[in-house]
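Colleague: Let me begin by handing over the structure; questions about it come next.
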Amino acid sequence: MFAQLLRFWRKITKTNTSTMLNLILFGPPGSGKGTQAKKLEKKFNLVHISTGDLFRHEIGNKTPLGMKAKEFMDKGHLVPDEITIGMLQNKVEKHPDAAGFIFDGFPRTVPQAESLDAFLADKDTTIAGLLMLDVDDDEVVARILNRGKDSGRSDDNDESIIRNRIKVFNAQTAPIFEHYDKFGKSQKINGVGSIDEITERLSDAINNLM
Ligand code: AMP
């Protein structure tokens, strides 16, 4: 209730003076963030940044950063903040003219969220909203195992690694919802349904932030 009021207040007073639209697409692994981010980036003319994709690109190129990240990813652990935050910032800097960003898979820890807030504040902008795709654990495990049949991702094939990724999400990542909820910026979106239905729900929420 308080968060809803705060959201309404922010809307009518337009406390966000930045013209950029920066969104965090949030949710457990397998909740559909990547699929939805690809659709939303086109629809709203935003730049989509997935830290998981950036790490997989580095691994594909066998860079030192990629090799380091792989050690953690293969176990379903988070890559340390000092590696992840620098990589994310470099990627943002490559798009100085972006109308805004969709962050997918970042932030995943409260320190990552705090560093993102400070980094955006330096650019006179902020996070407009965090949209959490709400999907229960058994559904995400089933989706990831299904995706693993052709994703080629080693972390998608083993149920115990998948369960570990969900445990890590609940312990280290879920508190980020509260972090942005304090500012009335967090919303839950039903993440079960057809891809188009979910895009519609997210689009309605984004239109409300503009
Ligand atoms: P994803 O493609 O978002 O499911 O990420 C795959 C894996 O990459 C995760 O299980 C983590 O090991 C790693 N990873 C991706 N993003 C982050 C992040 N923001 N912080 C730490 N590790 C990450």
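Colleague: Take the residues in segment 63-117 that are polar (S, T, N, Q), assigned to a helix (DSSP H, G or I) and within 13 Å of the ligand (Cβ to nearest atom); name whichever of them is surrounded by the fewest Cβ atoms within 10 Å (Cβ to Cβ).
Modeller: To start, the set of residues in segment 63-117 that are polar (S, T, N, Q) comprises 63, 84, 89-90, 109, 112, 115.
Now narrow it down to the ones that are assigned to a helix (DSSP H, G or I): 84, 89-90, 112, 115.
Among the residues that remain, those that are also within 13 Å of the ligand (Cβ to nearest atom) are: 84, 89, 112, 115.
On the way: 84: 25, 89: 12, 112: 21, 115: 19.
Looking at the filtered set, the residue picked out is 89.
Colleague: Whether any residue in segment 190-204 is free of Cβ contacts under 8 Å to residues at least 40 places away in the same chain, among the basic types (Lys, Arg) and in contact with a helix residue (DSSP H, G or I) (Cβ under 9 Å, 6 or more places away or on another chain) is what I want to check.
Modeller: no
Colleague: Take the residues of segment 130-177 that are in a helix (DSSP H, G or I) and in contact with a Lys or Arg (Cβ under 6 Å, 6 or more places away or on another chain): which is surrounded by the most Cβ atoms within 10 Å (Cβ to Cβ)?
Modeller: Per the stated criteria, the residue is 173.
Colleague: Here's a follow-up. Just checking, how many residues over segment 41-62 are among the hydrophobic types (A, V, I, L, M, F, W, C), part of a helix (DSSP H, G or I) and within 14 Å of the ligand (Cβ to nearest atom)?
Modeller: So the count comes out to 3.
Colleague: Report, by residue number, each residue of segment 118-129 that is of a type outside the set (Phe, Trp, Tyr) and either near the ligand (Cβ under 10 Å from one of its atoms) or part of a helix (DSSP H, G or I) (or both).
Modeller: 118, 120, 121, 122
Colleague: Under 7 Å between Cβ atoms, at least 6 apart or on separate chains: pull out the pairs that start in segment 36-63 with a residue that is in contact (Cβ under 8 Å) with a residue 12 or more places away in the chain and end on any residue that is among the charged types (D, E, K, R) and in a strand (DSSP E or B).
Modeller: These pairs meet every condition: 37/104; 48/104; 49/104; 50/104.
Every number in this text was worked out from the coordinates using simple rules, so none of it is lab data. Quantities reported herein were computed from a predicted structural model and do not represent experimental measurements. Using ideal geometry, Cβ is built from the backbone for each residue, glycine included, and neighbour counts are taken over all protein chains shown.
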